[in-house]
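Since the structure comes first, as structure tokens, the remarks are kept for the end.
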Amino acid sequence: MEHFLYQNGLLVSYWDTSFSDHNESVHPGIGEVLPIDSHPNPIYKLDGTPWRGRIQTYDAPFSLEKADSFTLHDNGAASYIRGPAAVPTFDDRKQFWNATQPTVGMKVPHAGVRMRVVSADGTSMRIRIDSTTPAQ
């Protein structure tokens, strides 16, 4: 068993009450309450296959900090996971779902919402929320 830390930051979840479950195997990228991953592109193992969803979402929060790097093992082989750059802004005009792993991530409704982490200090965070022109 290996351990890794989920990252600090603003974890955004989208609630869609038209669904009564989170079963993305039935409806990929949509569900009742799903987290939005600030880094939706898959993280791959050494053999070229993507890591499972729990590992994919370790870096989900929007933050001012680069995500941690760490090593996991797959069938005894060490696989280095390089922490991606900070993503401080959620903008629902962007995609937060990747067809490579359809049961990880969220298809957002593109309603014109933007949230930006302005500052963070310990357990305190300031964010700015504003509206944008919705995507067509």
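For the range 1-47, a tally of residues being at pLDDT below 90 and among the polar types (S, T, N, Q) returns 2. Considering only residues in the range 22-39 that are aliphatic (A, V, I, L, M) and not in a loop (DSSP other than H, G, I, E, B), the one that is surrounded by the fewest Cβ atoms within 10 Å (Cβ to Cβ) turns out to be Val33. Those residues that are surrounded by 14 or more Cβ atoms within 10 Å (Cβ to Cβ) and farther than 25 Å from Val117 by Cβ, I need them from the range 11-21; list them, please. The answer is Phe19, and nothing else.
When Asn23 is tested against (1) over 12 Å from the mean Cα position of the chain (by Cα); (2) in contact (Cβ under 8 Å) with a residue 24 or more places away in the chain, only condition (2) is not met. Annotation: of all residues in the range 6-20 being part of a loop (DSSP other than H, G, I, E, B) and aromatic (Phe, Trp, Tyr), the one that is farthest from the chain's Cα centre (by Cα) is Phe19.
From the list Ser13, Ser38, Ser18, the lone residue that is closer than 30 Å to Thr133 by Cα and free of Cβ contacts under 8 Å to residues at least 12 places away in the same chain is Ser18.
The values are calculated or read from the model by the stated rules, or taken from the named source; none is laboratory data. All figures in this text were calculated on a predicted structure; none of them were measured in a lab. Note that we place each Cβ from the backbone using ideal geometry, even for glycine, and neighbour counts take in every protein chain shown.
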